[in-house]
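Below: the structure, in structure tokens.
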Amino acid sequence: MQLEPILKEAGELLKEGFYGAFKTQYKDKADLVTEYDVLIEKFLMPKLKGAYPNDEIFGEESYKGNTFPKSGIFVDPIDGTTNFVHRLPHVGISVGVWRDGKAVEGGVYNPILDEMYLAQKGSGAFCNGTRLHVSQSTTLQEALLATGFPYTKNSSPMDLGFVLNSMTNLLPLVRDLRRYGAASLDLCLVAKGTFDGFYEINLKPWDVAAGIVMVEEAGGKVTTHEGGAYDMNDRTIIASNGAIHEALVNEIGFYE
């Protein structure tokens with residue numbers, strides 16, 4: 001797969017920063033960016049353009065638009081920047097390829113743990129060469145879920161309400177809930193069967209573009225909070241092993 005060597009090279013830059021020193025700035029009150037976010041994205045752009053010359057590329061640190069097309073390559077140079085800043089090893093480089101509204105290829109690489117997740121539509125999902133399969137849990141009572149807290153929690157009562165409402169609804173019903181802080185890797189862990197499901201609000205395409213194809217190729221399901229097909233401009237996402245999906249949709253609810 002074309003993505004693997006590109007992600008491996010970019011991973012060396014991430015490790016350099018993770019174990020070294022770097023400068024940090026705020027995009028807003030809660031959203032951090034480091035010089036390595038920018039450096040890795042600048043490294044990836046020409047490499048990806050060379051490998052996918054006919055695709056438009058959208059990088060988290062360079063794209064200024066508010067809406068996204070159905071086709072393109074979506075790049076998160078460091079998913080889990082806050083983890084990166086605090087030296088927590090749940091960090092990854094995520095690249096997802098979408099065409100006509102469908103996830104067709106994805107790669108997520110955590111160089112700190114040396115975990116390379118790769119998937120291609122119709123060919124399966126893999127971690128370090130081992131094929132991935134979603135979990136076999138069939139009830140919420142068995143389910144370990146993952147979620148995330150949006151950066152807009154400080155500015156959007158609706159987004160904060162979604163977090164609080166969904167946790168209030170779900171926590172009494174599930175085995176437990178985890179918040180690791182990197183959506184692309186959380187989705188990979190759904191594909192791996194570690195998590196039975198994942199949900200969040202106000203993510204961007206570069207957060208989920210690669211992870212979605214992982215889940216789907218591992219036998220799982222991805223929708224909005226209402227159960228409809230996920231689109232790059234949707235604000236909510238639910239991913240699961242499929243067996244618990246309807247129950248998740250019914251219980252998460254929404255706050256407006």
- Task: Scan region 142-153 and give yes if some residue there is open to solvent by less than 90 Å² (accessible area, probe 1.4 Å), assigned to a helix (DSSP H, G or I), modelled with pLDDT under 90 and among the polar types (S, T, N, Q), otherwise no.
- Result: yes
- For region 97-109 the number of residues that are farther than 23 Å from GLY80 by Cβ, of a type outside the set (Val, Ile, Thr) and open to solvent by less than 70 Å² (accessible area, probe 1.4 Å) is 1
- Message: I want to confirm something. Restricting to region 209-237 and keeping residues that are out of contact with any His (no Cβ under 6 Å at 6 or more places or on another chain) and β-branched (Val, Ile, Thr), which single residue is farthest from GLU142 (Cα to Cα)?
- Response: VAL213
- Identify, from the list ILE78, ILE112, ILE93, ILE40, the residue that is in contact (Cβ under 8 Å) with a residue 40 or more places away in the chain, outside any strand (DSSP E or B), under 19 Å from LEU7 (Cβ atoms) and open to solvent by less than 10 Å² (accessible area, probe 1.4 Å). ILE40
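A quick yes/no check of all residues on (1) within 18 Å of ILE93 (Cβ to Cβ); (2) among the aromatic types (Phe, Trp, Tyr); (3) in contact with a Cys (Cβ under 6 Å, 6 or more places away or on another chain); (4) in contact (Cβ under 8 Å) with a residue 24 or more places away in the chain:
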| site | (1), (2), (3), (4) |
| --- | --- |
| LEU173 | no, no, no, yes |
| ALA182 | yes, no, no, yes |
| GLY197 | no, no, no, yes |
| ILE201 | no, no, no, yes |
| TRP206 | yes, yes, no, yes |
- Could you please let me know if SER135 is under 21 Å from ASP231 (Cα atoms) and surrounded by 24 or more Cβ atoms within 10 Å (Cβ to Cβ)? no
- Pairs only if they're at least six apart or on different chains, beta carbon under 9 angstrom, first in region 126-155 and on the phi > 0 side of the Ramachandran plot, second open to solvent by 60 Å² or more (accessible area, probe 1.4 Å); list them, first residue then second. ASN128/ASP114
- Query: Has region 219-229 got at least one residue that is farther than 17 Å from GLY80 by Cβ and assigned to a helix (DSSP H, G or I)?
  - Reply: no
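The values are calculated or read from the model by the stated rules, or taken from the named source; none is laboratory data. Quantities reported herein were computed from a predicted structural model and do not represent experimental measurements. Counting neighbours? That spans all protein chains shown, and the Cβs are built from the backbone with ideal geometry, glycine included. Protein only, heavy atoms only, side chains kept; ligands, DNA and RNA dropped before computing areas. Shrake-Rupley method; radii C 1.70, N 1.55, O 1.52, S 1.80 Å.
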